[in-house]
Amino acid sequence: MDQINHLKNKISSFFSWLLLSLIILSSTFLMVLSASQEAAIMDELAHIPAAYSYLRFFDYRLNPEHPPLVKVLAAIPLVFKKLNFPLNQEIWTKEVNGQWAVGNQFIYWLNENKADEIIFLARIFPIFLTITLVVFVYWWSRKLFGKWWAQIPAFLVAFSPHFLAHGHYVTTDVGATLGFFIGLYFFNKQLNSPTPKNTILAGIFFGIAQLMKFSVILLVPLFLFLTIIHWIISCKEKNILLKSKNSFSFLISYLKSLVIIFLIGLAVVWLVYFIFTLNYPASKQQADTEFILSSFAGGPDKEWKSCQLKSLSLRCLANLDIWMAKIPVLRALGHYLLGILMVMQRSAGGNTAYFLGEISGGGWWYYFPIVFLLKESLPALIITLLGIILGLGRIFIKKIRHLNSLREYLMMNFAEFSMLVMVIFYWLYSINSPLNIGFRHILPTIPFIYILATGSLKKWVDKKNEAKINLRQEIQKITSKHLKIGIILFLLVWVLIETVAATPYFISYFNQIGGGVKNGYRFVTDSNYDWGQDLLRLKNFVEKNGIEKIAVDYFGGGDIFYYLKDRAVSWQSAKGNPADFGIKWLAISINSLQGATARPTKGFQRKPEDEYSWLSRYSQPFARVGTSIFVYYLE
């Protein structure tokens, strides 16, 4: 009997991995398909040349506001190609962080019509990182719920239009998601079993996570909070009084492990930054750092000694960073700190964004909740909301009545609790930030939301009734369970249908409430809808329609003259109607159009000549290219 059960488990496990493999292959196909049809989005214009310069020249002067790991991986296929780089141009030798100009030269003009090849090759490893995330989601979920229930969150991530969109770009958002995920996974493993091996692994993966995106620094306060909570419930479990000496010694052991994790992570960060700043001239790094930080928090304190007497103010951190850039052994960490300070400066300043008919530079506190409700697919929203409702019913009605029950629940479900804390913590941080950069900013929370919802649904389906039941009740119970499973399967099929219907326009995906792929731009744009991905499609449109001259107001990482040659004329509203200059066609990115015509919020300044008022005489565009470029015929 044992052998038969063992064989059944092996067969079941085989088919479980087979199903996951099919999910992964399908997701990969969809990302490759989209990647092969899209032009460079805005951030790739900076990230791709930076990636190549790190791995080819070990020089980190470009794009210091993002850590290197995702970019370095993206550059692996490129270093095997014979490519030209603007090493002798002033945009590299003299400019400070001349990432946009270097990117334009490297991708479009120095490598003989290889732009599309460069962009596609650079997207291969980001796709691999996305698939790695799917595998990790399955792996952790399998430990929590079993091999079949683990398929649900893995499926939801793999076929999420948002992960399919940002998962094939050379950007750091999916990398950040993976960083948060592996960081929290290995930290949970260390808390549950604080062996030297698990502590070292937690430290290494904490360091790797920090190299994905600077927002992953939020793991520091998150780890500290979870450490304190785990210490408290462990003391209760071991009957140790919180005010006793034993409790204090227990806390010290927890904090000691946490410090070791942070130090190992810092060593990983230092090592990687040391490698990729090897050929970054020290004098150039110092000059670049001083220039970049000259406007940070009012500029560094001129008197370093007086700064030392103060608390670690932002200006003092700027001074500290400039000092570190001058110390050979510390300049690698100084460059890491520079990136953090640049992100802090950008986060505090916000960004110009279109949202719900308004244009603002200060952001909206309700931006991310609304964007989530408009862009997340309806079946995934239903799964999430159903999981939340069922979970709240179990936790707050049944568990919170007694502290002992709550403690037992946390000890039994600490991994899920840590995910919930991460989601709440990150959402509060995002809502409080004026940096409204799109759905991609909350991607790190989405896999955890899917896992928590799946766990809640599993308890709902497996609900047990301890009382004796008769045959009729047993049949009703089985029927009810099958009905619940049927509902879940229906929602998953719906997710798949939504994703296939959106192919290959994943970045522009909105649910039906948000207007769908075609009309989501009415609510919000930028990386939610239009990031410049359709320039290749504009090229095909111009060629197919035999257009000899077209005015183009383009937002993105492409180069209109590379793709359209002398047919293109760069245009903005202030130039007036192209028809007055003999140009009968106008192509305009939706992001540019919404930014020019939306209602400015209080304090936002926009010149009248930049509002495309003359375009109002043309009621409808002649055509739409892809999802994000309107084409007008100016008769």
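Structure summary
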{"read-out": "Largest to smallest accessible area among 449, 200, 228 [probe 1.4 Å]", "value": "200, 228, 449"}
{"read-out": "Solvent exposure, largest accessible area first (probe 1.4 Å, DNA, RNA and ligands not counted), of 503, 199", "value": "503, 199"}
{"read-out": "For the range 1-144, alpha-carbon Rg and Dmax in angstrom", "value": "20.6, 76"}
{"read-out": "Residue 335 accessible area, 1.4 Å probe, all protein chains in place, Å² to nearest 10", "value": "0"}
{"read-out": "Highest to lowest packing among 41-49, 552-560, scored as the average C-beta count within 10 Å", "value": "41-49, 552-560"}
{"read-out": "Spatial extent of the range 504-635: Rg and Dmax, with the Cα atoms as the point set, Å", "value": "14.6, 44"}
{"read-out": "Inter-label distance for residue 87 and residue 26, nm, one decimal - labels placed 7 Å from Cα along Cα-to-Cβ", "value": "4.8"}
{"read-out": "In degrees, nearest ten, helix 378-394 long axis to first principal axis of the chain (Cα)", "value": "30"}
{"read-out": "Residue-by-residue Karplus 3J(HN,Hα) for the range 555-565, coefficients 6.51, -1.76, 1.60, Hz, glycine and proline x", "value": "10, x, x, x, 10, 5, 7, 5, 8, 9, 6"}
{"read-out": "Nearest 10 degrees, 0 to 90: helix 471-502 Cα axis against the chain principal axis", "value": "10"}
{"read-out": "Reachable aspartates and glutamates from residue 484, criterion Cα separation under 13 angstrom, eight or more residues apart if same chain", "value": "462"}
{"read-out": "FRET efficiency estimate (nearest 0.05) - Cβ-Cβ, residue 619 to residue 282, R0 60 angstrom", "value": "0.50"}
{"read-out": "Computed lengthening from residue 113 to residue 462, 0.36 nm per intervening residue step minus Cα-Cα distance", "value": "119.8 nm"}
{"read-out": "Positive-pole candidate from 597, 335, 428, dipole of the chain, charges at beta carbon", "value": "428"}
{"read-out": "Cα→Cβ-extended label distance, 7 Å offset, between residue 381 and residue 313, nm", "value": "4.6"}
{"read-out": "Extension gain, residue 193 back to residue 501 (0.36 nm per residue minus Cα-Cα distance, nm)", "value": "106.4 nm"}
{"read-out": "Nearest-0.05 FRET efficiency for residue 411 and residue 485, computed from C-beta distance (R0 30 Å)", "value": "0.55"}
{"read-out": "Estimated inter-spin distance, residue 128 and residue 370, nm [label 7 Å along Cα→Cβ]", "value": "4.1"}
{"read-out": "Area accessible to solvent at residue 225, 1.4 Å probe radius, in Å²", "value": "100"}
{"read-out": "Dipole magnitude (debye, nearest 20) for the chain, charges at Cβ of Lys, Arg, Asp, Glu", "value": "2560"}
{"read-out": "Apportionment of accessible area to carbon and sulfur, the range 494-619, percent (1.4 Å)", "value": "52"}
{"read-out": "Reachable aspartates and glutamates, given that their alpha-carbon falls under 15 Å from the alpha-carbon of residue 375 and they are not under 8 places away in the same chain", "value": "498, 526, 530"}
{"read-out": "Crossing angle, helix 446-461 versus the chain [Cα axis fit, 0-90 degrees, rounded to tens]", "value": "30"}
{"read-out": "Sequence-separation-based contact order of the chain, relative, with Cα cut under 8 Å and 6+ spacing, percent", "value": "16"}
{"read-out": "Accessible surface, per residue, of the chain when the full set of protein chains is kept, probe 1.4 Å, Å²", "value": "45"}
{"read-out": "Per-residue [θ]222 nm for the chain (sum of -39500 (n - 2.57) over DSSP H runs n ≥ 4, rounded to 500)", "value": "-19000 deg cm²/dmol"}
{"read-out": "Accessible area in the full protein assembly, largest first, 1.4 Å probe, for 537, 394", "value": "394, 537"}
{"read-out": "Overall dimensions of the chain as given by Cα atoms, namely Rg and Dmax in Å", "value": "26.6, 86"}
{"read-out": "Residues of the range 87-112 with amide N under 17 Å of the 7 Å Cα→Cβ point at residue 543", "value": "112"}
{"read-out": "Unit charges on C-beta of K, R, D, E only; dipole of the range 40-195, Debye", "value": "680"}
{"read-out": "Of all accessible heavy-atom area on the range 156-219, the percent that carbon and sulfur account for (1.4 Å)", "value": "73"}
{"read-out": "Eligible aspartates and glutamates near residue 82 by straight Cα distance, threshold 18 Å, same-chain separation 8 or greater", "value": "112, 116, 117"}
{"read-out": "Protection-proxy order for peptides 235-244, 135-144, 31-40, each taking the mean of Cβ atoms within 10 Å per residue, highest first", "value": "31-40, 135-144, 235-244"}
{"read-out": "Heavy atoms of residue 283 accessible to a 1.4 Å probe, total area in Å² rounded to 10", "value": "90"}
{"read-out": "Unsatisfied cross-links (Cα-Cα over 28 Å) in the set 81/539; 143/463; 8/143", "value": "none"}
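The values are calculated or read from the model by the stated rules, or taken from the named source; none is laboratory data. What you are looking at is a predicted structure, and each value in this text was computed from that prediction instead of being measured. Cβ atoms come from the backbone with ideal geometry, glycine included; neighbour counts cover every protein chain shown. When the accessible area is computed, the model is the full protein with side chains, heavy atoms only, and any ligands, DNA or RNA have been set aside. Shrake-Rupley method; radii C 1.70, N 1.55, O 1.52, S 1.80 Å.
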